[in-house]
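Read-outs: derived from the displayed coordinates by stated rules, not from any lab. Since we're looking at a predicted model, the values are computed, not measured. Backbone-built Cβ (ideal geometry, glycine too); neighbour counts: all protein chains shown.
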Amino acid sequence: METNGPLAPYRVLDLTDESGFSCGKILADLGADVIKIEPPGGDAARFIGPFPGDRPDPGKSLYFISYNTGKRGITLNLEPQRGRDLFKRLAAQADFLIETYPPGTLERLGLGFETLRQQNPRLILVSITPFGQAGPYRDYKGSDLITMAMSGLMSLIGEPGKMPLRVSLPQSPMWAGMYAAAGALTAHYFRETANRGQHVDVSMQSSLLWALANGPAFWSTNRTVPTRGGSSVTGRSVTGARMRAIYECRDGYLNFIIYGGKAGRRSNQALVQWMSEQGLATESLLKKDWDRFSIETSTQAEIDEIEGPTAKLFLRYTKSEFLEQAFKREMLGYPVANARDILDDPHLNDREFWRTADESWLGQPVRFPGIFARFSETSPSTFRPSPSIGQHNSEIYGAELGLSESDIVRLRGEKVI
Amino acid sequence: MSEASPKSALAGIRVVEFAVFAAGPVVGKHLGEHGAEVIRVESHASPDGFRVHYPPFKENRPGLERGGSYALFNDQKLGVTLDLKQPKAVPLARRLVAKADVVIENFAQGVMDRLGLGYSALRELKPDIIVLSSCNQGQTGRRAAQRGFGSQLTSMSGFTHLTGYGPGEAPMLLYGPYVDFVAVGFGFIAVLAALDYRRRTGKGQHVDLSQYEAGIQFLTPVLLDTQLNRRVHNPLGNRDPRGAPHGVYRCKGDDRWCAIVVFTDEEWAAFCRAVEKPEWVNDSRFANAESRKIHEDELDQAIADWTSQFDAGDVMARLQAAGVRAGIVDSVADLFSCPQLAHREQWVKLDHPEFGSYEHLAPPFLLSETPAELRRSSPCLGEHNDYVFEKILGLSQEEIQQLKDEGVIA
């Protein structure tokens, strides 16, 4: 087994802020050498909370840290000509460049794709913006909430009639970063056959369209518009029946729903069995022929009849008891977990999912999510904390780019690095 | 039948899918968008769930070829039928794998092994095969074999808990199997990374993707905060600790809303000018970021009073013209007339025998040299049996007919 991951030979320059820094993180998890380039003073995202002990510190923004582990870090001011020249030298040796500037910024700096590819025709430039490099909204300003709204996702979250909702943790940058990594690697596959790079234009709004699941299918199929259902699901039966998915349990909530098909039949039978052990199954549920039940044509009355005793049953169990029972009984449901539940989940320990940073960095051992998938031929790269501001300046500008100690001192003096 | 132009980035790759619903099949769709030849294996005995028990159906009438979700998730593929319960079907499936580069499966852990199609068996046939196994909780660990769906797994992965109107209020569902689609993106990435590794080393491999672990990647900041600050995050409606206003505001019309975000005092000044409320700039309740957070209820009310007089689109255009972050809460219908998405040719109409014309979703990234080509709508069940079994596997017409008669290709 090879260490350091499937993308070990490649170098990535990462000029992103919080709107796209997860892309470089994903490539670093795959073993690529990702160099985060920050302006002198550091990425503004270093000031996004929370911080350990709620004490702001640019080295300890938990938001920044989350998506910059595994990277090396240098500082570079792209405004002075000398900074741009230095950047070109770095770009000449890079396989990928990821950036999140407003469209047109790199061109204004004289560092547009056409310029960079002249010296490095194999370069893949990945640009991540709220709406893309061209089009009527290309200059619109975005943020997580804005693109969550404009992707249609919010229209599908929340109580009917009440305010549409987002998730209370930015999701747009994660979707965009993920699809940016996919776009980069699609372009990379082509580069290795055609020997030339290309420009990958990633839109955050477009990336989120996949978070809508089958929502767009309702419009494409019948010109109907799916709407939000609160804690119930609609659109699973042609009768329009609403199906409850969130149930209260002893210490929180569960997500359980009646399913159709073979898997649903087994799950529904197990539910009634469990009810009956607890003395909650109604006569008609005990007699129900699940082989003939079809979720896609079920009626509201039929659903309500199942949901009543289900709610009573689940109130008797905790989240973890439910999970254990659901697993044992082959029922289709999971708890509504919070961060603590996830950190305490023994299944993730079985899989050695977490990577632990020792206490020298953040004052206590801290567990970070492991890589998103296991590759049988490579082991994940060694855990590397997110870089401090300019941490690898000497290593990268000196040893790797060949600048002398005095050059580096001078560039520092000129506030280029 | 491989119509991919040589300019497609992934031309020449052949993918076989033993997959159901979304988490596996949408990875195949993405590979197909850039020219991979993707063969979807199904059967009449066990058609995809999106064909049979999930609306929408064309004109609300269920039918094997009338499922809208299937159509959305399976364009760019060839469809074949093999009833894997028939003894003669598995050897055919294995022959197909021997001609492939990538296999995608998203059954519960153990199912492929029991069919004789697990990674170790497939590697015997094709030593450099890449197999993506995507399941709820991964191939190992105490709950590896647990069956489940993304709509519930989204809750165990932490997203539902973070979605709601405020702390102490019931969690709200994200729409559909959110985490399945997170796993789709990561599965797509994993296949591409494994393809590069194979190109360099000649080795295939098995990729074990836990949809749960994929989802957790999107939540890292709260996991760190919980460890370091002993805090469990709760939903905040649409508010954000970084600034105010930060929310969606009701506009004219039925269920019309506009999102507005202001972080800095400069942006606030620009906002006040744009909405012609210069007095707000000096209003002590709203004068700086900190006071706006303290008086956020009043602030939200004042802004909603203003937005409710206008169309959401006008609010967005006016604020964006002033450099303020604003965006319509698009309905699903709005997405099909959004000028930005239209500019990116996000929806591609293709003909389909049952749907007539159907709008397919193009990828979220545009490649300058090798643009995606959406050229084939989702396959009808078994539509490409003759092509695949004759041209790829080299069976004769007679053999194919016999296998159909025997219920193997069925």
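Can you give the calculated 222 nm mean residue ellipticity of chain A, where each DSSP H run of n ≥ 4 adds -39,500 (n - 2.57) and the sum is split over every residue, rounded to the nearest 500 deg cm²/dmol?
Values: 17 runs with 151 residues, N = 417.
Per the formula, -10000 deg cm²/dmol.
Of all the Cα-Cα pairs you can form in the stretch B:330-410, what percent are over 22 Å apart? For the stretch B:330-410, the share of Cα pairs beyond 22 Å comes to 50 percent.
Sorting B:Met112, A:Met204, A:Met154 from the fewest to the most surrounding beta carbons within 10 angstrom yields B:Met112, A:Met154, A:Met204.
Two numbers describe the Cα atoms of the stretch B:264-398: Rg and Dmax, which are 25.5, 85 Å.
For chain A, hydrophobic long helices are taken as DSSP H runs at least 20 Å long by C-alpha position along their axis with mean Kyte-Doolittle hydropathy of 0.0 or more; these are A:172-194. Once the cut-off is 25 Å, how many percent of the Cα-Cα pairs in the stretch A:231-336 end up in the long-distance tail? Result: 12 percent of Cα pairs exceed 25 Å.
Relative to one another, the C-alpha centroids of the stretch A:142-207 and the stretch A:92-130 are positioned 19 Å apart. Comparing Cα centroids, the stretch B:152-169 and the stretch B:214-250 end up 11 angstrom apart. Extension gain, B:Gln309 to B:Glu124, is 59.8 nm, computed as 0.36 nm per intervening residue step minus the present C-alpha separation. Extent along the principal axes, Cα only, for the stretch A:160-312: 69, 38, 37 Å, with the longest axis given first.
Only Cα pairs under 8 Å and 6+ residues apart enter the sum, and on that basis the relative contact order of the stretch B:246-335 stands at 41 percent. Computed over every Cα-Cα pair of the stretch A:1-135 and binned at 5 Å starting from 0, the pair-distance distribution P(r) comes out as 2, 10, 19, 22, 20, 15, 8, 4, 1, 0 percent.
In this label model, A:Gln93 and A:Trp354 are separated by 3.8 nm, measuring between points 7 Å along each Cα→Cβ vector.
Here is how the number arises for chain B: DSSP H runs of 4 or more residues each give -39500 (n - 2.57), the sum is divided by the residue count, and the result at 222 nm is -10000 deg cm²/dmol. Radius of gyration (Cα atoms) of chain A, expressed as a multiple of 2.2 N^0.38 Å: 1.18. Summarising the label geometry, the points placed 7 Å from Cα in the beta-carbon direction at B:Ala45 and B:Asn60 lie 3.6 nm from one another.
Taking the Cβ-Cβ separation of B:Ala98 and B:Glu398 as r and a Förster radius of 35 Å, what is the calculated FRET efficiency to the nearest 0.05? Result of the calculation: an efficiency of 0.95. Taking all Cα pairs closer than 8 Å and separated by 6 or more residues, the relative contact order of the stretch B:1-141 comes to 25 percent. Charge tally for B:His295 (other residues, Cβ to Cβ under 15 Å; Lys, Arg +1; Asp, Glu -1): -4.
Do you know the relative contact order of chain B, to the nearest whole percent, from alpha carbon pairs under 8 angstrom that are 6+ apart? Once divided by the residue count of chain B, the mean separation gives 19 percent. Sorting B:Lys293, A:Lys312 by the number of Cβ atoms found within 10 Å of their own Cβ, with the fewest placed first, yields A:Lys312, B:Lys293. Counted over chain A, the DSSP beta bridges are approximately 35% antiparallel. For A:Glu248, A:Glu114, A:Glu99, the sequence from fewest to most other C-beta atoms within 10 Å is A:Glu114, A:Glu248, A:Glu99. Put simply, the C-alpha atoms of the protein assembly as shown give a gyration tensor, and the ellipsoid matching it has half-axes of 40, 34, 26 Å, longest first.
Here the Karplus relation 6.51 cos²θ - 1.76 cosθ + 1.60, evaluated at θ = phi - 60°, turns the backbone of the stretch A:130-140 into coupling constants of x, 10, x, 7, 9, x, x, 9, 4, 9, 5 Hz, with x for every Gly and Pro. List the pairs from B:Lys7/B:Lys77; A:Lys162/B:Lys58; B:Lys77/B:Lys349; A:Lys25/B:Lys126; A:Lys319/B:Lys293 whose alpha-carbon separation is above 24 Å, in the order I gave them. From the list (B:Lys7/B:Lys77; A:Lys162/B:Lys58; B:Lys77/B:Lys349; A:Lys25/B:Lys126; A:Lys319/B:Lys293), the Cα-Cα distance tops 24 Å for A:Lys162/B:Lys58; A:Lys25/B:Lys126; A:Lys319/B:Lys293. Other residues lying with their Cβ under 14 Å from the Cβ of B:Trp347 contribute a combined charge of -3, Lys and Arg counting +1, Asp and Glu -1.
The modelled label-to-label distance for the pair A:Gln273/B:Lys349, using points 7 Å beyond Cα in the direction of Cβ, is 5.1 nm.
Taken as entire DSSP H runs, the helices of chain B that both span 18 Å or more between Cα atoms along their own long axis and average -0.5 or more on the Kyte-Doolittle scale are B:178-201.
The local environment of B:Val41, defined by Cβ-Cβ distances under 11 Å, has a net charge of -3 under the rule Lys, Arg +1 and Asp, Glu -1. Shape summary of the stretch A:274-417, radius of gyration then Dmax from alpha carbon positions: 28.0, 87 Å.
If you plug the beta carbon distance of A:Glu321 and B:Arg318 into 1/(1 + (r/R0)^6) with R0 = 45 Å, you get a FRET efficiency near 0.25.
Cα centroids of the stretch A:7-42 and the stretch A:233-306: 47 Å apart.
Evaluating 6.51 cos²θ - 1.76 cosθ + 1.60 at θ = phi - 60° for every residue in the stretch B:235-252, the Karplus couplings come out as x, 10, x, 10, 7, 9, x, 7, x, 8, x, 8, x, 10, 10, 5, 10, 4 Hz, glycine and proline recorded as x.
If you bin all the Cα-Cα distances of chain B at 10 Å, starting from zero, the percentages per bin are 4, 18, 25, 23, 15, 9, 4, 1, 0. Across the stretch B:246-335, the convex hull enclosing all Cα atoms gives 85 Å³ per residue. The Cα-based radius of gyration of the stretch B:67-174, divided by its Kirkwood radius, gives an Rg/Rh of 1.09.
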